[in-house]
Amino acid sequence: MAELNAQAELNAQTTLPLLTLTSGVVLPGMIFTLALETEEARVAVEAARGVGGRLVVVPQVQGRYAAVGVIAQVMEEGELPGGGQVAVVEGIARAEMGTAVPGTGQALWVQVEPVAAPEAGPAAVELAREYRAVLENILLTRGARRMAERLRGVHDPSEIADLAGYSPDLTLEAKVEVLETLDLTARLRLVLGWARETLADLALRDQIKTSVEEGMEKTQREFLLRRQLEAIRKELGELSEDGATATEPNDYRARLAALGDALDDKARQAVAKEIDKLERTSEQSPERGWIQSWLDTVFELPFGVESEDRLDIEAAAAILDEDHEGLGDVKERILEHLAVRKLQVERGLAPLAGRGAGAILALVGPPGVGKTSLGESVARALGRRFVRVALGGVRDEAEIRGHRRTYVGAQAGRLVRALREAGTMNPVILLDEVDKLGSDFRGDPSSALLEVLDPAQNHTFRDHYLEIELDLSKVLFIATANVAETIPGPLYDRMEVTRLDGYTDEEKLAIARNHLLPRQVRRAALEEGELSVSDEALAQVITDYTREAGVRSLERELGRLARKVATRLASGALEAPVAVSAGQVRSWLGRPRFFFEAADRTAVPGVATGLAVTGAGGDVLYVEASALEGSEGLSLTGQLGDVMKESAEIALSYVGSHAAELGLDPAALRGRRFHLHVPAGAVPKDGPSAGVTMTTALVSLLSGRPVRSVLGMTGEVTLQGLVLPIGGVKQKVLAAWRAGLREVVLPARNGDDLEDVPEQVRQQMTFHLAHDVGEVLAAALEPAEPAADQYRYVSGL
């Protein structure tokens with residue numbers, strides 16, 4: 001309250017002698033002992049006697065005076081034993097500095113205007129309480145308990161804020177900033193922020209100090225225990241006189257000798273060198289643990305251990321057929337590998353090993369077609385161990401090739417760990433999702449796989465951690481991917497690619513009946529015979545509730561059906577056995593999710609049905625065309641890529657330049673703006689194969705002839721109207737089949753690709769092989785004046 005009382009005694013403006021401080025700051029309420037070492041200081045204190053002992057104290061920072069000083073009261077003057085003079089002053093109130101005025105004596109007199117003591121609002125009171133608590137923690141951390149107890153007796157927010165003047169952690173500039181901050185709330189926020197930083201720094205120092213002390217105590221304790229253990233082991237004869245371990249190196253040497261010729265000379269020398277290094281290394285050295293970890297990793301590898309291949313080709317074929325329906329190309333390649341191995345044994349030939357002997361297969365196809373499970377089936381058919389290595393999202397090259405031994409916590413790569421897990425040197429290793437490998441500053445894992453998946457190199461594979469050559473030529477690698485385009489070219493070139501383009505409805509029916517439904521019945525805790533689903537009901541689930549290349553969604557729907565049946569049986573609403581027929585599917589699974597919508601979509605001119613390939617397999621897309629009066633041009637919507645946009649430009653240019661040949665009125669294209677839209681606008685689309693579809697949609701719009709609802713098309717178009725070949729024929733045809741289309745227009749040069757389409761699909765579909773746009777339009781468009789009953793037939797599909 002001293003500041004308030006002094007403020008009442010002071011006038012609105014007063015003239016006082018000036019005392020400059022260069023090494024400290026006096027704040028209201030502070031008692032400061034000042035050594036009068038300069039003539040200016042002695043003159044100012046002497047002049048203060050004439051005005052009741054008051055003077056104004058102003059700090060000087062970096063060559064400037066502070067804008068705010070403190071009116072102080074000289075409480076006592078004295079002389080030190082050495083002859084120096086001192087004065088004890090107490091800060092009373094802040095004052096804004098004015099101009100210098102003439103005065104008595106040699107002192108510098110200035111006009112000052114006292115600053116009224118601010119009233120503390122609720123915010124200031126709360127900030128003051130928090131600041132005082134932080135200061136108490138700082139004092140207690142430093143062992144100043146008495147000062148912390150005295151601090152609890154200070155309640156005025158302004159006095160609490162000005163306690164920052166005593167802080168040894170604040171610089172002179174910071175204290176001047178506190179002095180010049182007149183707003184009480186702002187001043188409290190300022191000092192509170194600094195106090196929090198100080199407290200955090202003290203806490204960190206205390207934590208570091210504690211950790212160091214605990215570490216030293218632990219180290220000393222371990223040292224004493226190790227010395228005692230060493231003395232005991234010497235008495236037991238486990239240590240020689242020089243302190244070397246008598247058992248561990250000898251044990252490793254015995255394990256090295258047991259490997260025999262399984263290790264080549266270079267690897268044997270590297271292991272022997274590490275064993276010698278282990279023998280010379282002290283037990284207190286951290287390097288000893290690193291050497292032991294490396295040796296353990298080497299000896300855990302199955303050198304010289306191989307699984308014996310099952311050479312019965314018929315039995316292997318039966319296992320493959322038992323586990324998977326269809327997939328003839330993959331099964332044929334596995335049986336070829338097995339047949340070669342059988343002939344080698346029968347004719348007394350050494351098994352192929354070393355350079356160029358490895359087998360690298362890649363299964364590319366949409367999700368749910370059985371790529372991963374096929375790897376397990378292949379291993380079972382060959383009689384080999386199976387290991388799966390998931391590569392999806394891997395971005396670190398060290399995950400493949402291992403870490404260098406110089407890094408703390410280094411370990412071997414995934415391939416070495418896969419061999420250790422398999423326990424043989426010729427397992428089946430499935431590299432799952434190889435198309436989803438990433439790359440960043442840590443390296444490119446796909447580049448690290450180049451050596452692994454190259455039959456000409458993988459017989460001398462070197463892991464960064466082991467740094468010894470491993471023969472991977474006996475391993476059967478099977479890589480899986482959804483999309484081949486995202487696999488780097490050099491890696492793709494090293495693999496023997498087999499495409500799994502999806503299943504027909506008949507194959508899905510067999511898979512559901514023989515594999516999926518029995519598995520879901522077991523998972524629903526149902527016994528055999530409690531649930532039966534007719535083939536007609538399974539077919540309805542396939543067509544009305546799923547539309548996919550694989551069978552993953554189909555299994556989910558069958559699982560949902562089995563759980564619903566289990567719920568009814570558990571609640572007593574039904575009694576076993578439960579038979580589900582085609583007419584009951586809707587009551588169990590709800591309304592159908594997919595419909596044959598081609599007839600409705602293509603009922604009006606300007607809409608054509610195209611075929612595309614996505615990461616999930618083949619798909620059907622619709623191209624819609626419309627025209628409106630206005631400036632000539634073309635608008636494109638539907639998230640189309642650059643290649644697809646160029647196809648649209650080509651289609652419009654061809655139609656405009658060949659309007660007469662196409663039976664169109666050239667005037668119909670003038671003064672009109674055309675708009676092409678590919679629905680599912682949230683899905684990006686690209687590729688040249690929609691050229692004929694866009695051309696057909698434009699011609700259909702201008703001629704008024706709808707596109708036939710049972711027909712889909714695909715192919716790239718040129719400015720001369722030629723239809724160029726495209727890829728993914730099998731996937732596109734299967735997508736058309738699943739969507740209910742029964743006719744497909746393909747480029748003529750893709751005719752040979754129809755051999756890849758399943759026979760049962762080819763027999764039920766009609767294919768139009770077109771050389772140019774004229775042949776496409778002849779097959780795709782309805783007649784110029786269709787009969788009324790024909791329209792009724794189309795809409796009824």
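Restricted to region 335-426, the set of helices (runs of 4 or more DSSP H) holding at least 3 residues that are in contact with a Phe, Trp or Tyr (Cβ under 8 Å, 6 or more places away or on another chain) comprises 371-382, 414-422.
Restricting attention to region 67-95, the residues that are surrounded by fewer than 21 Cβ atoms within 10 Å (Cβ to Cβ) and out of contact with any Asp or Glu (no Cβ under 6 Å at 6 or more places or on another chain) total 12.
Look at residue 312 and say whether it is open to solvent by 20 Å² or more (accessible area, probe 1.4 Å), closer than 24 Å to residue 470 by Cβ and either among the aromatic types (Phe, Trp, Tyr) or more than 42 Å from the chain's Cα centre (by Cα) (or both). Considered against the rule, which asks whether it is open to solvent by 20 Å² or more (accessible area, probe 1.4 Å), closer than 24 Å to residue 470 by Cβ and either among the aromatic types (Phe, Trp, Tyr) or more than 42 Å from the chain's Cα centre (by Cα) (or both), residue 312 comes out as no.
Considering only residues that are hydrophobic (A, V, I, L, M, F, W, C) and either without any contact (Cβ under 8 Å) to a residue 12 or more places away in the chain or open to solvent by 10 Å² or more (accessible area, probe 1.4 Å) (or both), which ones fall in region 560-574?
566, 569, 570, 573, 574
Across region 718-744, the qualifying residues are those that are over 15 Å from residue 762 (Cβ atoms) and more than 40 Å from the chain's Cα centre (by Cα), and the one among them that is surrounded by the fewest Cβ atoms within 10 Å (Cβ to Cβ) is 720.
With respect to being open to solvent by 70 Å² or more (accessible area, probe 1.4 Å), on the phi < 0 side of the Ramachandran plot and small (Gly, Ala, Ser), residue 258 fits the description.
I'm trying to understand the selection: among the residues of region 272-283, which are closer than 15 Å to residue 467 by Cβ and either open to solvent by 40 Å² or more (accessible area, probe 1.4 Å) or in contact (Cβ under 8 Å) with a residue 60 or more places away in the chain (or both)? Across region 272-283, the qualifying residues are 273, 277.
The number of residues in region 360-388 being surrounded by fewer than 24 Cβ atoms within 10 Å (Cβ to Cβ), within 20 Å of residue 452 (Cα to Cα) and touching a helix residue (DSSP H, G or I) at 6+ places or on another chain (Cβ under 6 Å) comes to 4. Within region 132-151, residues that are within 13 Å of residue 168 (Cβ to Cβ) have Cβ atoms under 8 Å from residues that are open to solvent by less than 60 Å² (accessible area, probe 1.4 Å) and hydroxyl-bearing (Ser, Thr, Tyr) in these pairs: 138/198, counting only partners at least 6 apart in sequence or on another chain. Pairs are defined by a Cβ separation below 6 Å, a sequence spacing of at least 6 or placement on different chains, a first member in region 691-719 that is within 20 Å of residue 731 (Cβ to Cβ) and of a type in the set (Ser, Thr, Tyr), and a second member that is in a helix (DSSP H, G or I) and at pLDDT below 90; the pairs so defined are 714/732. What residue, among those in region 529-559 that are out of contact with any strand residue (DSSP E or B) (no Cβ under 6 Å at 6 or more places or on another chain), in a loop (DSSP other than H, G, I, E, B) and of a type in the set (Gly, Ala, Ser), is most open to solvent (accessible area, probe 1.4 Å)? Here the residue is 529. Checking the structure you have, find out if any residue of region 469-481 is open to solvent by less than 40 Å² (accessible area, probe 1.4 Å), touching a Phe, Trp or Tyr at 6+ places or on another chain (Cβ under 6 Å) and in a strand (DSSP E or B). Scanning region 469-481, I find at least one residue that is open to solvent by less than 40 Å² (accessible area, probe 1.4 Å), touching a Phe, Trp or Tyr at 6+ places or on another chain (Cβ under 6 Å) and in a strand (DSSP E or B), so the answer is yes. So which residues in region 175-195 are surrounded by 15 or more Cβ atoms within 10 Å (Cβ to Cβ) and either under 45 Å from the mean Cα position of the chain (by Cα) or among the polar types (S, T, N, Q) (or both)? Once the filter is applied, which keeps residues that are surrounded by 15 or more Cβ atoms within 10 Å (Cβ to Cβ) and either under 45 Å from the mean Cα position of the chain (by Cα) or among the polar types (S, T, N, Q) (or both), region 175-195 yields 181, 185, 188, 189, 190, 191, 192, 194, 195. Taken as a whole, the condition of being on the phi < 0 side of the Ramachandran plot, touching a residue at least 24 places away in the same chain (Cβ under 8 Å), buried (at least 19 other Cβ atoms within 10 Å of the Cβ) and among the aromatic types (Phe, Trp, Tyr) does not apply to residue 166.
The values are calculated or read from the model by the stated rules, or taken from the named source; none is laboratory data. Quick caveat: nothing in here was measured; it's all calculated off a predicted structure. No Cβ is skipped: glycine too gets one built from the backbone with ideal geometry, and neighbour counts run over all protein chains shown. Note: accessible area is taken over every heavy atom of the protein model, side chains too, but ligands, DNA and RNA are not part of it. Shrake-Rupley method; radii C 1.70, N 1.55, O 1.52, S 1.80 Å.
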